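Please read the structure below before turning to the comments.
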Amino acid sequence: AQTVTQSQPEMSVQEAETVTLSCTYDTSESNYYLFWYKQPPSRQMILVIRQEAYKQQNATENRFSVNFQKAAKSFSLKISDSQLGDTAMYFCAFRGGGATNKLIFGTGTLLAVQP
Amino acid sequence: SQTIHQWPATLVQPVGSPLSLECTVEGTSNPNLYWYRQAAGRGLQLLFYSVGIGQISSEVPQNLSASRPQDRQFILSSKKLLLSDSGFYLCAWMAGGPGDTQYFGPGTRLTVL
């Protein structure tokens with residue numbers, strides 16, 4: 001069974017600095033998708049970025065980028081120029097090729113951006 | 001554009017009472033629909049998913065059931081709530097292609113007393 005591990009329960013960063021959130025996963029599949037979702041205090045899950053496993057190039061969305069290491073099964077999220085609005089719980093998620101298309105989530109990292 | 005709605009936003013129910021949570025999607029047809037539950041301080045766990053009207057698959061045996069009476073409507077129900085049913089319930093939709101992304105609704109916070 002696939003698992004997703006986020007080893008950093010909480011992190012803190014100063015406004016305008018860069019922070020990296022870690023995520024590792026375990027799977028025997030070769031084709032899959034990885035996601036980072038953000039859950040602010042409102043608790044709505046918001047997609048931050050996605051990565052297709054067959055793509056070697058790391059995904060980037062504005063200030064958010066990933067470091068995808070397929071062999072190491074690692075998928076970290078880098079947030080540049082951190083802003084107060086980035087304060088949230090961040091979840092790493094895996095989706096394999098099964099019929100359910102279900103997401104398997106990590107336990108999350110609570111990121112606090114300090115002014 | 002597509003939007004997803006959930007109601008109610010907050011619900012407090014006594015143990016043993018029934019439950020009905022509703023999720024609707026606008027702006028798309030024949031979406032895959034999902035119910036997730038998030039316990040306090042934890043990630044999300046898939047409860048049910050549906051790939052079409054009347055088609056429901058359960059991931060976790062429990063006190064809950066789901067139904068999809070219309071293409072873009074997904075309902076989570078219980079006949080008798082337990083204390084352990086408390087949590088944050090999220091509905092999500094996906095267009096259905098293998099490369100698609102799941103998008104989440106605003107969620108329902110359920111407290112069972």
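The values are calculated or read from the model by the stated rules, or taken from the named source; none is laboratory data. Because the structure is predicted, anything quoted here is derived from the model rather than measured. Glycine also receives a Cβ, built like all others from the backbone with ideal geometry; neighbour counts cover every protein chain displayed.
Miscellaneous remarks
- Elements of the type strands (runs of 3 or more DSSP E) sitting completely within the stretch B:19-113 and holding at least 2 residues that are among the aromatic types (Phe, Trp, Tyr): these cover B:32-38, B:44-52, B:87-94.
- Options A:Ile104, A:Ile49: the member that is more than 9 Å from chain B (Cβ to nearest Cβ) and closer than 21 Å to B:Ala92 by Cβ: A:Ile49
- Restricting attention to the stretch B:39-66, the residues that are more than 18 Å from A:Leu103 (Cα to Cα) and either facing chain A (nearest Cβ under 10 Å) or hydroxyl-bearing (Ser, Thr, Tyr) (or both) add up to 1.
- Considering B:Gly54, B:Gly43, the condition of being surrounded by 13 or more Cβ atoms within 10 Å (Cβ to Cβ) and of a type in the set (Gly, Ala, Ser) is satisfied by B:Gly43 alone.
- Cβ-Cβ under 8 Å pairs, at least 6 apart or on other chains, the stretch A:87-115 side touching a residue at least 40 places away in the same chain (Cβ under 8 Å) and crowded, with 20+ Cβ neighbours inside 10 Å, far side of a type in the set (A, V, I, L, M) and not in a strand (DSSP E or B): A:Phe91/A:Met45; A:Ala93/A:Leu103; A:Phe94/A:Leu103; A:Arg95/A:Leu103; A:Val113/A:Leu84
- Options A:Tyr33, A:Tyr90: the member that is within 14 Å of chain B (Cβ to nearest Cβ), at pLDDT below 95 and closer than 19 Å to B:Gly43 by Cα: A:Tyr33
- Unmet criterion (only one of (1) at pLDDT 95 or above; (2) over 14 Å from the mean Cα position of the chain (by Cα)) for A:Ala99: (1)
- Scope the stretch A:86-105; condition farther than 13 Å from A:Ser12 by Cα, outside any loop (DSSP other than H, G, I, E, B) and among the small types (Gly, Ala, Ser); matching residues: A:Ala93
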